[in-house]
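The structure under discussion appears below in the form of C-alpha cells.
The values are calculated or read from the model by the stated rules, or taken from the named source; none is laboratory data. Predicted model only: the values in this text are computed from it and were never measured. A quick note on method: Cβ atoms are made from the backbone with ideal geometry, for glycine too, and the neighbour counts reach across all protein chains shown. The protein model used for the area step is the full one, side chains on, heavy atoms only, and it has no ligands, DNA or RNA in it. Shrake-Rupley method; radii C 1.70, N 1.55, O 1.52, S 1.80 Å.
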Amino acid sequence: MVAHILVSVLWSIGAAAGDPLSNAVLTKVAGPVLTSAQFLIPAAVAISGIHKMMEHRESGGSFLVDMVTKGGGAILVLQLVKSISGMG
C-alpha cells in the first residue's frame, strides 16, 4: 500500500507538469487502484476481525474499534493522497 501511495504521488508531480503520459497514467491507473483500495482494505479488515471473533480471540467491541481505526484510517489516508494528487 505504501508503494502505491508513493507511486501515485510521484505520478501526480509529473501530472502537474502537464505531461500527457503522466495524466493518462494518473487517471487510468492510479485513480482506479486507489479507489479499489478504499473498498478492499476495509473489507479485509472486516474479514480479519470476523475471523478473530469466530475463534474467540476478539470481542465485538474490539472488532468495532479495529474497523473504525484501521478501516477508517485507510480510507482517510487514501482520500488524502487522492486530493494531493488532484484526483478528486
Exercise. Could you identify the single residue in LEU34, LEU6, LEU21 that is at pLDDT below 80 and either open to solvent by less than 50 Å² (accessible area, probe 1.4 Å) or within 13 Å of SER85 (Cα to Cα) (or both)?
Key: LEU6
Quiz item: Within the range 44-57, is there a residue that is within 21 Å of PRO32 (Cα to Cα) and in a helix (DSSP H, G or I)?
Solution: yes
Exercise. Identify all residues within the range 63-88 that are among the polar types (S, T, N, Q) and in contact with a helix residue (DSSP H, G or I) (Cβ under 8 Å, 6 or more places away or on another chain); write none if there are none.
Key: GLN79, SER85
Quiz item: Scanning the range 58-76 for residues that are closer than 16 Å to SER36 by Cα and of a type in the set (A, V, I, L, M), which turns out least open to solvent (accessible area, probe 1.4 Å)?
Solution: ALA74
Quiz item: From the residues in the range 21-58 that are touching a residue at least 40 places away in the same chain (Cβ under 8 Å) and touching a Ser or Thr at 6+ places or on another chain (Cβ under 8 Å), which one is farthest from ILE75 (Cα to Cα)?
Solution: LEU26
